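Computed from the coordinates by the stated procedures, all read-outs in this text should not be read as laboratory data. Everything numeric here is computed off the predicted structure, so don't read it as measured data. Methodologically, a virtual Cβ is constructed for each residue, glycine included, from the backbone with ideal geometry; neighbour enumeration extends over all protein chains shown.
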Amino acid sequence: MIDCPDPSTGEQRVIHSEKGNFVRTTSLLEFSVGETVSPLWVPQTREQQDAAILRMHSLDGQPYDLFAANCEHVVNWAVTGKSFSEQLVFAVVVALGAAVIALAVAKSSLGYRTLVIGTNLGYA
C-alpha cells in the first residue's frame, strides 16, 4: 500500500508484507525491485485513504504468515477491514481436489470398484 512520502527526502514509501519477513515500510524503489507497480485499489475519499493507511500501520512488525497474514490478507484488511486471501482459498480448493483425485487413483489401482447409482434406475 502506498504510504505518505518520507518527510525528509520526499521519497515515495510503501507498507507491505513479504514472505520471510514482516509488515514494514520501505521505499517504493526497494519494494518494486525495478519492476513496474500498478495500483489495484484507489481510495475514493481522503477518509478511505487515511483509514487504510492507519490499519496497515497497525500491523507494522507483524510476521508474514501464509495462512493468516500473507500480503493479500494484510492489504484486504487495510482496505476493507476484513482479512481474507482469495488466492489461499483457491489454493486450498485445488489441493483438496488433487487429494481426492489421488485417492481415487490409488483406490482404483488397489482393485476397488466404485458403483455410482444415478436417479434413473430404469423403472417405468
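Using the Cβ-Cβ distance between F22 and I101 with R0 = 35 Å, the FRET efficiency computed as 1/(1 + (r/R0)^6) comes to roughly 0.45. In the chain, the longest principal axis of the Cα atoms and the axis of helix 46-58 are about 80 degrees apart. Once divided by 2.2 N^0.38 Å, the Cα radius of gyration of the chain becomes 1.68.
Angle of helix 71-80 to the longest C-alpha principal axis of the chain, folded into 0 to 90 degrees and rounded to 10: 70°.
Dividing the C-alpha radius of gyration of segment 37-99 by 2.2 N^0.38 Å, with N its residue count, gives 1.31. For the chain, averaging the sequence separation of C-alpha pairs within contact (under 8 Å, six or more residues apart) and dividing by the residue count gives a relative contact order of 20 percent. Entry note, the chain: the mean residue ellipticity at 222 nm calculated from DSSP H runs of n ≥ 4, each adding -39500 (n - 2.57), is -13500 deg cm²/dmol after division by the residues and rounding to the nearest 500. Listing D3, D50 from fewest to most neighbouring C-beta atoms within 10 Å gives D50, D3.
In this label model, L88 and D50 are separated by 3.0 nm, measuring between points 7 Å along each Cα→Cβ vector.
Just tell me the longest site-free run in the chain, where the sites are chymotrypsin sites (Phe, Trp or Tyr not before Pro) in a DSSP loop having at most 10 other beta-carbon atoms within 10 Å. Longest gap between qualifying sites, sites excluded: 1-66.
Taking only the C-alpha atoms of segment 16-72, the Rg (one decimal) and the largest Cα-Cα distance, Dmax (whole number), read 12.4, 33 Å. Projecting the Cα atoms of S38, N70, S58 onto the charge dipole of the chain (Cβ charges, centred on the Cα centre) puts N70 farthest toward the positive pole. Fewest neighbouring Cβ atoms within 10 Å first, the residues V89, V75, V33, V14 line up as V33, V89, V14, V75. Qualifying GluC sites (Glu not before Pro) in segment 1-104, where qualification requires a DSSP coil assignment and no more than 14 other C-beta atoms within 10 Å, comprise E11, E18, E35.
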